[in-house]
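Enquirer: Quick one: structure below, then a few questions.
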Amino acid sequence: MNKPLSDHSYQLVFADEFNTGSLDTSKWLPFYLPQWSSRKQSKPNYHFNSGCLYLDITEDQEPWCPEFNGRVKCSSVQTGVFSGPKGSEIGQHRFFHPAPIVREAQDPQHTYLMQYGYIEIRAKAIRSPWNVVALWMIGFEDEPQRSAELCIVEIKGWQAKEQEALIGYGIHRFNDPTLEEAFYENQYAIDVTDFHVYGADWKKDRVDFYIDGIKVRTILQSPAYPMQLMLGVYEIPDQQKGKARHTTPASFCIDYVRCYERKMERNLSGNITNYL
């Protein structure tokens, strides 16, 4: 059992073991930041095998948002979506481009928003010159400053070798004035194409990051608003110019995603008095 769960003060509130053979749309919205593109253009490719979800990048797949993100391909799912009207600049995570414009308005929707708790994923990454895999969280951004990113794990395939890899995690502040940029990439002696567990224990005053149950860093700050999950694989074709692209699908294999929240202590009136 991972160290953050050993004191029994956490309870499982969101989990997907991916063992039903179909995507649970009561948990995952099957698109990626569709306000900047469309739900149709940004829908993911995926399949299931042996109780795992495989998010796929295929040869014939179209870029998710060619207008604002060039030739980048993406197969991703998320647990919330929010935008302003078509033609506006209001929408979640607009930091991938200097000035994206809403192309398809989205009604506010979320299947799961979290504020504080322990998040973990068991997954196999991809070792390639083009692909990035990640589990991250973003503010729902119904208020512009609620925009930070809490990255549980990000692995760039071109930074992975057979027995070691740079693994990214941390906080991107973006438009949150209460935070400082604190994103890290550190070398670890593991084969990321094998199953590993990556986790983050998000508390009011800090975030602790874990790899295979071992704490690797503490960041003494944290976002102070609900955040949604983002789970995806990306292809960045310009990353390795001049190299022949693979001709078989690149697949991000996910065994499970689990989120635990702290059990709450309530008084006789039912009001929360403390987190246990």
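The values are calculated or read from the model by the stated rules, or taken from the named source; none is laboratory data. Model, not experiment: these values are computed from the prediction. Reconstructed Cβ throughout: ideal geometry from the backbone, glycine too, with neighbour counts over all protein chains shown. The area values use the complete protein model at the heavy-atom level, side chains included, leaving out ligands, DNA and RNA. Shrake-Rupley method; radii C 1.70, N 1.55, O 1.52, S 1.80 Å.
Enquirer: What is segment 70-163 by shape, rounded, prolate or oblate, if you read a ≥ b ≥ c off the alpha carbon gyration tensor as root eigenvalues and call it rounded for a/c under 1.5, prolate for a/b larger than b/c, and oblate otherwise?
Expert: Oblate.
Enquirer: If you project the alpha carbons of segment 1-68 onto the principal axes, what extent comes out on each, in Å, largest first?
Expert: Here the spans come out as 49, 28, 22 Å, largest first.
Enquirer: Along Cα→Cβ, 7 Å out, is where each label goes; now give me the distance between the ones at Lys161 and Asp56 in nm to one decimal.
Expert: 3.3 nm
Enquirer: Also: Below 14 angstrom from the Cβ of Lys86, what's the summed charge of the other residues (Lys, Arg +1; Asp, Glu -1)?
Expert: Within the 14 Å Cβ shell, the charges total -2.
Enquirer: Report the calculated FRET efficiency for Lys86 and Leu220 (r = Cβ-Cβ distance, R0 = 45 Å), to the nearest 0.05.
Expert: 0.65
Enquirer: According to the Cα gyration tensor, what semi-axes, each the square root of 5 times an eigenvalue, does the equivalent ellipsoid of segment 38-121 have, listed from largest to smallest in whole Å?
Expert: Equivalent ellipsoid semi-axes, largest first: 24, 20, 11 Å.
Enquirer: How long is the gain from Phe95 to His8 if the chain were fully straight, where each residue apart is worth 0.36 nm and the alpha carbon distance is subtracted?
Expert: 27.5 nm
Enquirer: Using just the helices of the chain, give the 222 nm mean residue ellipticity in deg cm²/dmol: DSSP H runs with n ≥ 4 each add -39,500 (n - 2.57), and the total is spread over all residues, rounded to 500.
Expert: 0 deg cm²/dmol
Enquirer: At q = 0.09, 0.10, 0.14, 0.16 Å⁻¹, what log₁₀ I(q)/I(0) does a Debye calculation on the Cα points of segment 1-148 give, no solvent, two decimals?
Expert: -0.32, -0.40, -0.78, -1.00
Enquirer: Percent relative contact order of the chain, based on C-alpha pairs within less than 8 angstrom and at least six residues apart?
Expert: Rounded, it is 24 percent for the chain.
Enquirer: Do any trypsin sites (Lys or Arg not before Pro) in segment 73-157 lie in a DSSP loop with no more than 12 other beta carbon atoms within 10 Å, and if so, which?
Expert: Those satisfying the criteria are Lys86.
Enquirer: Oh, and also: Heavy-atom accessible area of Lys161 with all protein chains present, probe 1.4 Å, nearest 10 Å²?
Expert: Solvent-accessible area, nearest 10 Å²: 120 Å².
Enquirer: Once you list every other residue whose beta carbon is under 11 Å from the beta carbon of Met230, what net charge do they have if Lys and Arg are +1 and Asp and Glu are -1?
Expert: Around Met230, the charge tally is -2.
Enquirer: Right, here's the next one. Accessible area of Trp158, 1.4 Å probe, to the nearest 10 Å²?
Expert: Answer for Trp158: close to 70 Å² accessible.
Enquirer: Next question, about the same structure. If you look for lysine pairs in segment 117-263 that are eight or more places apart or on different chains, how many of them have Cα atoms under 26 Å apart?
Expert: 16
Enquirer: Quick one: net charge of Val102's neighbours, Cβ under 11 Å, K/R +1, D/E -1?
Expert: That sum, taken over residues with Cβ under 11 Å, equals +1.
Enquirer: Still on this structure, I have one more. Expressed as cubic angstrom per residue, what is the convex hull volume of the alpha carbon set of segment 141-231?
Expert: Considering the Cα atoms of segment 141-231, their hull volume per residue is 99 Å³.
Enquirer: Give me the Debye-computed log₁₀ of I(q)/I(0) at q = 0.08 Å⁻¹ for the chain, equal point scatterers on Cα only, no solvent, two decimals.
Expert: Log-scaled intensity ratios, in q order: -0.32.
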